Amino acid sequence: MMAFKMNDTIQLLKDTIDSFINSDLDSINWNYKPDPAKWSKKEIIGHLIDSAQINLQRFVRCTYEENFKLIYEQVEWVIAAHYQEAEANELLTLWRLLNQQIIRVWSYYPKERLGAQCDNSKKEISLHTVEWLANDYVNHMKHHLKQIIA
């Protein structure tokens, strides 16, 4: 039963990526910042790159480890990575490739480790299973992709 849920999540991630990549990305003003304190659309993709990197580490580590804490400071990562200075196509390629690797990891995930947990909270302990993290990862991505397309 757990593998079925993960297969659904894998398909949802594939569909989400395909839908976004096949949208009219050329019509997007990637540099526009609605406010100096808000992210541009390039920075939103950058944030999704950061999310992919940190979550890929979580998924890999959960194959052999449990109850570890792995967090990141999203604003600081976007600033440090200078996504605003990058080409949008370069960022989209990196985002897509990181997600292909996540799909590969999920596709071969050890069934007995789908219930493994890690802590992704900044303060109090908040353990979540691999399946929960995977589902949350896709929902988080969909939220931000809607911000870009809007």
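The table below gives the values:
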item: Anisotropy class of segment 66-119 from Cα gyration tensor, a/c 1.5 cut; result: oblate
item: Lysine pairs in the chain with Cα atoms under 17 Å, if 8 or more residues apart or on separate chains; result: 14
item: Whole-Å distance, taken between Cα centres, linking segment 99-143 and segment 1-59; result: 15
item: Over the chain: helical MRE at 222 nm, DSSP H runs n ≥ 4 each giving -39500 (n - 2.57), nearest 500; result: -20000 deg cm²/dmol
item: Global geometry of segment 33-150, whether rounded, prolate or oblate, following the gyration tensor of its Cα atoms and the 1.5 cut on a/c; result: prolate
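FYI, it's all coordinate maths here, none of it is from the lab. Just so you know, these numbers come straight off a predicted model, no measurement behind them.
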